[in-house]
Amino acid sequence: MASNAGNADLYNNTEARLRFEAYSRLQAAAVAFGESLPIPEIVAIGGQSDGKSSLLEAFLGFRFNVREVEMGTRRPLICLMVHDPTAETPRCRLQAEDSEEFGSPIYPETAVAETIKEMTEAHLRQTGGTVSAKPIVLRVEFAYAPNLTIIDTPGFILKARQGEGESTPNDILEMVKAQAAPPNRLILFLQQSSVEWCSSLWMHVVQELDPDFQRTIVVASKFDNRLKEFGERWEVDRYLSAAGYLSANVKPFFVALPKERTISKSDEWREQIQAVDRDTLQHLREKVAGGFDEERFGSCIGFGNLKRFLEEELARRYRDAAPATLALLQERSNSLAAELAQSETKLHDMQDTASLRRLAMKQVGATVMSFQEMLLEGVAAPELMQHGLTLEEERAASSAPQWPGVQSTAEVANAELRLLGGASFERSMADFQAAVNRLGFPGVGHASVANVLLSLSLKGASNGDAAAARAAQKVARSSARTLLLPLLDALIARLAAVLLRTWHIAVDHIVPQDDALRPYVVFNAELRAAFQAFVNVLEEQCRGLVRHQVDVATSAYAAKPLSISALTLEDIDDVVDAQNVPPPPTQILHDRDMMAASQMTVPETPSPEVLANNRRARRPLASFQPNITAKSTSTPVNKTYSSVCAMAERHFVAIRQSVAAEEAPAIVKAAFLEPISRRLATDLSIHLFARTDQHFMTWFASPGAVEVLTAKRDALARRVDGLVRCKNEFAELARCL
């Protein structure tokens, strides 16, 4: 036991015990609460069967049959070793899942492995996996244990065992890499000494985690298996130096441990470990020709030297990390205390109707302001622009019908930009205008013109010129209604969709994510429904205004009949082709009495005077019905049809220009935007808050809501208490570091 006595001179003292106790408690709290504290630790990694479990038992000073239950292939094990001279029998306690509390000591110590196995299997049944990165924490207090913390990880494997998922090898690799990645952890990499340095299967993992080997200790395990291969000194020294395979700053250790598995008593186990160390040195000195370079490599051979080195290195790192650790504890304690106070406030508010009303009004106001800003003032925040849509995406996302005959987006400016809010609103207006510009006058059949002309004749509009003008107006008005109203309805639906999408973006991405009311799904659904109802009302009102405007516009044209007598058909065609607005009706009015007989468009129709004088002797209607379907292009009858079509096209262009390009856009903007500026906040408030307290609270009193918040508050309180206690203890013990 001489080596243990030597170790006691270095580490078996009050300061060392207090130092480790402080970090041990910090580590327990960190694991329980998921905190990230830069506590110096050791992570043991390596391939399966490379000796990590035996090495852990050697550090503990007793055996607990960890290899028999293959614990290491499932979850990491954080082993907190505490040197306690009074504990002649190991006191092993496992930390409860999701808690910083440790259970009662487990006796005998050989039962620890079975308990670990049960915890692992229960956890994996919950997660449904074959491995888990969530560690198990074991605290061991023992007179012959050093003050160390070692994290034993599952061994790397090349192929999954029978019954395991195919991804198990990669799952283990990624889990171990995650455990070894934090810079505050030393990497204890084990590799069997029978494997040549150049043939290492897992050295690349270490090089990926720690390229310069600044925090890696390489251990060649099962060194006794290699001894028989050494015959001369140069062979030993070449292997021990690992020249050409490891960096010059890497100092590998060569360890052999007892192979006898029947050893059950802890004192026998420790004696055998020291005996193997002595036998290894004796073999190198006496059975290798020339021995070995003991001055250079003597401190790297044997478990005792590895143990001493790790204790010294961990103590040094404890001292170096103490100031940063204490500062971080203070910061985390303050942060959690503030979070706890906020949680207390939320819990109080959730049970206070008046507070809930204030919070709800605050959220509605914030949402309305954010929505109006996005709609009326534009959005410049890059994080919000990702929610915008291109014109093609906007068309596809809208439930409104597409523009008739319009597929391309090339005619609309900024079609490829991802826009939202007011920009998207304005682009939809431009898209509508492009569709209107492509809208041509539909063809009118002879039968349609005949129906209108004959109906006018029946009413006594016998003058051919006036009848043709009125017929053209009726045809144009009917065509305008048929073609423009669906486009206007589609525009209104598109704009309503833009408003709804903008509202959802404002609610989800602008209003603070930690808003106290965000967990209350029913209230937030009611808020969205209230805005939907508001937009639905605006949509219906806008449709009514637009239809009224179309009626007014078409009626105004009907009240001012146009004559075609002052224009030739070629002039009319030129005007239609140029899509010009028609001149004032007075410009083309002509005295009917000045018209030559050859210019009369419907000579067969008797004048009103003739009809008045011959009412009793009126001929049957068919006797003076014009032959509108005449085939000859030179007859006056066909000229009448052409004249009506030309005038109708002229009127249609005028209506299209006036209603769709000038009047309707202004009406639509006013119908949507003015109420949003003036009434939105008021209407939403009436919808949401003009209710009894009992009705209002049904949106918040979901089953278990208060209990959930209470549990969250209590968990925060435990975290605060634990960290504050650790911080105070660590501050008191820091002078020992």
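The values are calculated or read from the model by the stated rules, or taken from the named source; none is laboratory data. Computed from a prediction, not measured in an experiment: that's the story for all the values here. FYI the Cβ positions are ideal-geometry reconstructions off the backbone, even for glycines, and counts take in every protein chain you see.
Checked across region 236-258, the condition of being over 23 Å from residue 47 (Cα atoms), buried (at least 16 other Cβ atoms within 10 Å of the Cβ) and in the same structural domain as residue 204 (by TED's automatic domain parsing) holds for at least one residue.
Which residue is modelled with the highest pLDDT, if the candidates are limited to region 84-98 and must be surrounded by 15 or more Cβ atoms within 10 Å (Cβ to Cβ) and part of a loop (DSSP other than H, G, I, E, B)? Checked region 84-98; the qualifying residue modelled with the highest pLDDT is 90. The residue list 110, 115 contains one member that is among the β-branched types (Val, Ile, Thr), part of a helix (DSSP H, G or I), closer than 22 Å to residue 53 by Cβ and in contact with a Lys or Arg (Cβ under 9 Å, 6 or more places away or on another chain), which is 110. In region 118-138, the residue that is surrounded by the most Cβ atoms within 10 Å (Cβ to Cβ) out of those that are of a type in the set (Gly, Ala, Ser) and part of a loop (DSSP other than H, G, I, E, B) is 132.
Would you confirm whether any residue within region 208-231 is closer than 19 Å to residue 193 by Cβ and modelled with pLDDT under 85? Within region 208-231, not a single residue is closer than 19 Å to residue 193 by Cβ and modelled with pLDDT under 85.
Looking only at residues that are acidic (Asp, Glu) and closer than 24 Å to residue 58 by Cα in region 295-316, which one is surrounded by the most Cβ atoms within 10 Å (Cβ to Cβ)? Can you show your working first?
Quick first cut of region 295-316, residues acidic (Asp, Glu) only: 295, 311-313.
With the extra rule that they be closer than 24 Å to residue 58 by Cα, the set shrinks to 311-313.
Values: 311: 21, 312: 12, 313: 15.
Taking the candidates together, the pick is 311.
Restricted to region 63-83, and to residues that are part of a loop (DSSP other than H, G, I, E, B) and either modelled with pLDDT under 85 or not assigned by TED's automatic domain parsing to the domain that holds residue 146 (or both), which residue is nearest to residue 302 (Cα to Cα)? Only one residue tops the list, namely 63.
Examine region 192-205 for a residue that is assigned by TED's automatic domain parsing to the domain that holds residue 246, out of contact with any Leu (no Cβ under 8 Å at 6 or more places or on another chain) and closer than 30 Å to residue 98 by Cα, and state whether such a residue exists. No; the residues of region 192-205 include none that is assigned by TED's automatic domain parsing to the domain that holds residue 246, out of contact with any Leu (no Cβ under 8 Å at 6 or more places or on another chain) and closer than 30 Å to residue 98 by Cα.
Applying the selection to region 360-393, what residues are loosely packed, with under 15 Cβ neighbours inside 10 Å and either among the hydroxyl-bearing types (Ser, Thr, Tyr) or within 15 Å of residue 507 (Cβ to Cβ) (or both)?
So the first thing to find is which residues in region 360-393 are loosely packed, with under 15 Cβ neighbours inside 10 Å, and the list is 362, 365, 369, 376-378, 380-383, 385-386, 392-393.
Answer for region 360-393, where residues must be loosely packed, with under 15 Cβ neighbours inside 10 Å and either among the hydroxyl-bearing types (Ser, Thr, Tyr) or within 15 Å of residue 507 (Cβ to Cβ) (or both): 362, 365, 369.
Of all residues in region 301-314, those satisfying the criterion of being in contact (Cβ under 8 Å) with a residue 60 or more places away in the chain, in contact with a helix residue (DSSP H, G or I) (Cβ under 7 Å, 6 or more places away or on another chain) and in a helix (DSSP H, G or I) are 303, 304, 307, 308, 311.
Listed conditions (1) modelled with pLDDT under 80; (2) over 29 Å from the mean Cα position of the chain (by Cα) are all met by residue 399, apart from (2).
Tell me which residues, restricted to region 143-162, are more than 20 Å from residue 309 (Cβ to Cβ), buried (at least 16 other Cβ atoms within 10 Å of the Cβ) and at pLDDT 85 or above. It would help to see each step written out before you state the result.
Going through region 143-162, the residues more than 20 Å from residue 309 (Cβ to Cβ) turn out to be 143, 153-162.
With buried (at least 16 other Cβ atoms within 10 Å of the Cβ) added as a condition, the list becomes 143, 153-157, 160.
Correct list: 153, 154, 155, 156, 157.
One line per residue, one yes/no per condition, for (1) in contact with a strand residue (DSSP E or B) (Cβ under 7 Å, 6 or more places away or on another chain); (2) among the aliphatic types (A, V, I, L, M); (3) outside any loop (DSSP other than H, G, I, E, B); (4) farther than 26 Å from residue 275 by Cβ:
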site: 291; (1), (2), (3), (4): no, no, no, no
site: 299; (1), (2), (3), (4): no, no, yes, no
site: 320; (1), (2), (3), (4): no, no, yes, yes
site: 337; (1), (2), (3), (4): no, yes, yes, yes
site: 341; (1), (2), (3), (4): no, yes, yes, yes
site: 358; (1), (2), (3), (4): no, no, yes, yes
site: 365; (1), (2), (3), (4): no, no, yes, yes
site: 369; (1), (2), (3), (4): no, yes, yes, yes
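The single condition among (1) surrounded by 14 or more Cβ atoms within 10 Å (Cβ to Cβ); (2) part of a helix (DSSP H, G or I); (3) modelled with pLDDT under 80 that residue 436 does not meet is (3).
Inside region 269-286, can you point out the residues that are more than 18 Å from residue 56 (Cβ to Cβ) and either of a type outside the set (Lys, Arg) or in contact with a helix residue (DSSP H, G or I) (Cβ under 8 Å, 6 or more places away or on another chain) (or both)? So that I can check it myself, show each step before the final result.
Initial filter on region 269-286 (more than 18 Å from residue 56 (Cβ to Cβ)): 271, 275, 278-286.
Hits for region 269-286 are 271, 275, 279, 280, 281, 282, 283, 284, 285, 286.
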